[in-house]
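The structure appears below as structure tokens.
Coordinate-derived values only; no laboratory data. This is a predicted model, so every value here is computed, not measured. Cβ placement follows ideal geometry from the backbone for every residue including glycine, while neighbour counts extend to all protein chains displayed.
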Amino acid sequence: MQLSKRMDRLASMVTEGSSLADVGTDHGYIPIALVQTGKVSRAIAMDINKGPLERAALHIREQHLEDRITTRLSDGMTALKEGEADTVLIAGMGGALTVHILEGGAHCLTSVKELILQPQSEIWLVREWLCEHGYKITDEDIVLDEGKYYPMMRVEHGSMKLPAKGELEYGNPALQRSIGVWSAYLRAEQGKTDVILKTLVDNGQEKSDRYVELLDKRSRMVDMLNRIPAGCGQEMKEYEMQ
């Protein structure tokens, strides 16, 4: 099963030998790929909508993996039982929805060993929720796929101090697998912010709340870039030359 760059990177974060629950599986590509390569022993492909679940079931049958991958209609993790999965993957949803799904999975999350999360937006909400509910982020990554950046993280049970706002928004540079991509992402976000700031100045709105808010946001981006660990310069140069 050929995966997109985003899906392939998500699959790489799953611990080998685990059992997987893919929440919002859509086409079922990640469970199929992970079972085919032997990285996971079995998988449950879950979705709230019948259409995507039927497509996933078709792809699973085409690959003759019905005995290793089951499909399940489920609103988030509500249909997942305790002990059925070591790894839960939640990808491609907004931060608020991701948090909602996590809160709805309290009945089964105690037995889950790791979460692989890739919120599409409001990622700070997810990091904040994790800090407040007994989880720690052990690994972060980001991939550029078809012109869009996708931050993602691996999470375990544990504790971590609630980080400053910049780290809630952009992640911990010390945990980044791909520091070159991460720094490019921050610079791209900084460039977008600069354009908006200039527009506000041109319109005489440099004293507006929006301007002050964006200026603070830009300052946090600069601070995060300044926190890139020593020794990462070569990786950043190599990425920029691609």
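Brief remarks on what is shown
- Sites H100 and S208, calculated FRET efficiency, Cβ-Cβ separation with R0 25 Å, nearest 0.05: 0.15
- Packing-based ranking, highest mean first, of 86-98, 144-156 given that Cβ atoms within 10 Å are counted: 86-98, 144-156
- Placed amide H near Q120: partners under 5 Å, 5+ positions off or other chain: G92, M93, G94, G95
- Span from the the range 146-213 Cα centroid across to the the range 49-75 one, whole angstrom: 36 Å
- Of the DSSP H helices in the chain, those that are both long (alpha-carbon extent of 30 Å or more along the helix axis) and hydrophobic (Kyte-Doolittle mean at least -1.0) are 179-202.
- Relative contact order [Cα under 8 Å, 6+ residues apart], the chain, whole percent: 14 percent
- Residues of the range 134-149 with amide N under 16 Å of a point placed 7 Å along Cα→Cβ from K161: 136-137
- Distance between the modelled labels on R218 and Q36, one decimal in nanometres: 4.7 nm (7 Å Cα→Cβ projection).
- Distance violations [Cα-Cα > 24 Å] among K39/K148; K161/K217; K81/K165; K5/K39; K5/K161: K39/K148; K81/K165; K5/K161
- When you count the other C-beta atoms within 10 angstrom of each residue and take the mean per peptide, 21-34, 202-215 line up highest first as 21-34, 202-215.
- Between the range 117-145 and the range 1-41, the alpha-carbon centres lie 19 Å apart.
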